[in-house]
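The values are calculated or read from the model by the stated rules, or taken from the named source; none is laboratory data. Bear in mind that the values here come from a model prediction, so they are computed numbers and not experimental data. When we count neighbours, we look across all protein chains shown, and the Cβ atoms used for this are built from the backbone with ideal geometry, even at glycine. Only protein heavy atoms, including side chains, enter the accessible area calculation; ligands, DNA and RNA are left aside. Shrake-Rupley method; radii C 1.70, N 1.55, O 1.52, S 1.80 Å.
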Amino acid sequence: MKTIITRFFTECKIELLAKRAKYIRVFKDEMTGQITKEFVEEAVTFYIYANNSMQKFHHTKNFVTDLLKDKEHEIEKFIDNNKINFKKNLT
C-alpha cells in the first residue's frame with residue numbers, strides 16, 4: 001500500500017490534507033487456486049487540521065460553514081453563487 005499525504009492551504013488557520021493511497025487487491029480462483037493481483041484505483045481521503053486537531057472532512061455545507069463561523073455568511077454566499085452541490089461536486 002502506498003500512502004501520500006498532501007497539504008493544501010497552509011497559510012490559513014485551517015489546513016486541508018489529502019491522504020492518497022493505492023491498494024493491491026488479491027483474488028483467488030476457488031476452482032483453480034490461481035491468485036491474481038491488481039492495483040485498485042487511488043483512494044483519496046481528505047482531512048481538516050484546525051484548532052490543533054485533525055478530523056476527517058465531511059462533504060456537507062454545515063461542516064464547511066462550521067469550520068469558519070466568523071466567515072459563515074461569506075461562505076454561504078459563495079456556495080450559493082457558484083451553485084456548489086456537495087453531494088455531486090465533492091465526492
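When restricted to residues that are open to solvent by less than 90 Å² (accessible area, probe 1.4 Å) and either among the acidic types (Asp, Glu) or touching a His at 6+ places or on another chain (Cβ under 6 Å) (or both), region 19-49 contains 3. Determine whether region 50-69 contains at least one residue that is open to solvent by 60 Å² or more (accessible area, probe 1.4 Å), aliphatic (A, V, I, L, M), at pLDDT 85 or above and not in a strand (DSSP E or B). No: zero hits.
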